[in-house]
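Report on the structure given below.
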Amino acid sequence: MTGTFLDLFVHEVHFDVYSLKVFLSLCFQVCDDVEELKTKIRLLAAAIKQANRLVVYTGAGISTAASIPDYRGPNGVWTQLQKGRSISSTDLSKAQPTLTHMCIRTLHKEKLVKHVVSQNCDGLHLRSGLPRSALSELHGNMFIEVCASCSPVREYVRLFDVTERTSLHRHGTGRRCHHCGDELRDTIVHFGERGTLEQPLNWKGAAEAAEAADVILCLGSSLKVLKKYACLWCMNRPASKRPKLYIVNLQWTPKDDLAVLKINGKCDEVMSLLMEELNLQIPAYEKADDPIFSLATPLLPEEGNTHSREVISPPGGQEDCSADTEEQTDEASSVQGGWFGRGYGKGRRKKKKAS
């Protein structure tokens, strides 16, 4: 698109340039050719080796290989809903950590990554074995419910999606704290809400990591939400004093112009090549090593019918019978669960009726 045509298009359809870029990013994905991708991977590998404090920011794009749709891609949840299309219902507890999740865990284990800041709620970073101290889940975790009445806040990690009854400004899960009896709530931060829970959000860890970072690697995020969190970008510093930014994404992001390097590729493909360049092995996900089983709090006998979500089966293959899965409801053909489909509410602002 030439500058003249672009200017004319913007003027005729009353778009500003930023809105046009957002629109085009929803329609198109760009992939680097093989040689260009390899060249960029070598540059990224060199930057990682030289970094003193590398922080990784992750978005929905790292989980698409686990059959979890992204939001703003051509086939993303928000994109499809904006087109008036329905989204198939799915139980996201079936997902497992992807190659990218396992690469990130290995990079942390090798002391190449200091901290991971994720806007994903799927819990896959935790399930990959990444230590909680090295993880900030800014928008919550679908497997964690908490009692905010206890001090400190008491966590309950579950083997199922705790958000089926929750939605924007409605966070009660229907279960109660085993200690004080108050209702438990999910940890999800919807559009229009401000998350304040210490865990799993760990804003303190995210802010401290960003402040100390000399390199930031963004994987699979459109950055349309993360860009709004000023503390993650050190924008109060002169440009030369900010962390060097590297982005891996198939679409345009609002931070592209600030990046030292933009890699247009799928996260799993890029990370596989990166690990090869760094001469590091990628461990396979092993359910027997999944921390969620040791972290999980079993339901009390009387809580057996408080959810209809599928339970993650333990490594031995024995199903957890705490939930009556036969009573699962086949509701409308839309994404169910408080954190996934219903969060779209912000994007469907109701127009005020003329008086």
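The values are calculated or read from the model by the stated rules, or taken from the named source; none is laboratory data. Keep in mind that this is a model prediction, so the values were computed, not measured. Counting neighbours? That spans all protein chains shown, and the Cβs are built from the backbone with ideal geometry, glycine included. Each accessible area value is taken on the protein alone, full model and side chains, heavy atoms only, with ligands, DNA and RNA left out. Shrake-Rupley method; radii C 1.70, N 1.55, O 1.52, S 1.80 Å.
General remarks:
- Most to least packed among 212-222, 233-243, 144-154 [average Cβ atoms within 10 Å]: 212-222, 144-154, 233-243
- Rounded FRET efficiency, nearest 0.05, which uses the C-beta distance separating residue 294 from residue 170 and R0 of 30 Å: 0.45
- Atom-type composition of the exposed protein surface of the stretch 184-264 places 50 percent of the accessible area on carbon and sulfur (1.4 angstrom probe).
- DSSP bridge pairs, the stretch 91-215: antiparallel proportion in percent, nearest 5: 75 percent
- Residue 258/residue 284 FRET efficiency (R0 35 Å; Cβ-Cβ; nearest 0.05): 0.50
- Gain in span if fully extended, residue 110 to residue 230, counting 0.36 nm per residue against the direct Cα distance: 40.3 nm
- Each peptide among 34-44, 118-128 gets the average number of other Cβ atoms lying within 10 Å of its residues, and from highest to lowest they stand as 118-128, 34-44.
- Estimated inter-spin distance, residue 196 and residue 239, nm [label 7 Å along Cα→Cβ]: 3.8 nm
- Stokes-Einstein diffusion of the stretch 180-276 at 4 °C, 1.567 mPa s viscosity, Kirkwood radius from Cα pairs, rounded to a whole number: 84 µm²/s.
- For the peptides 157-167, 130-140, the ranking by packing is 157-167, 130-140, with the highest mean count of neighbouring Cβ atoms within 10 Å listed first.
- For the stretch 114-165, the alpha carbon convex hull comes to 89 Å³ per residue, rounded to a whole number.
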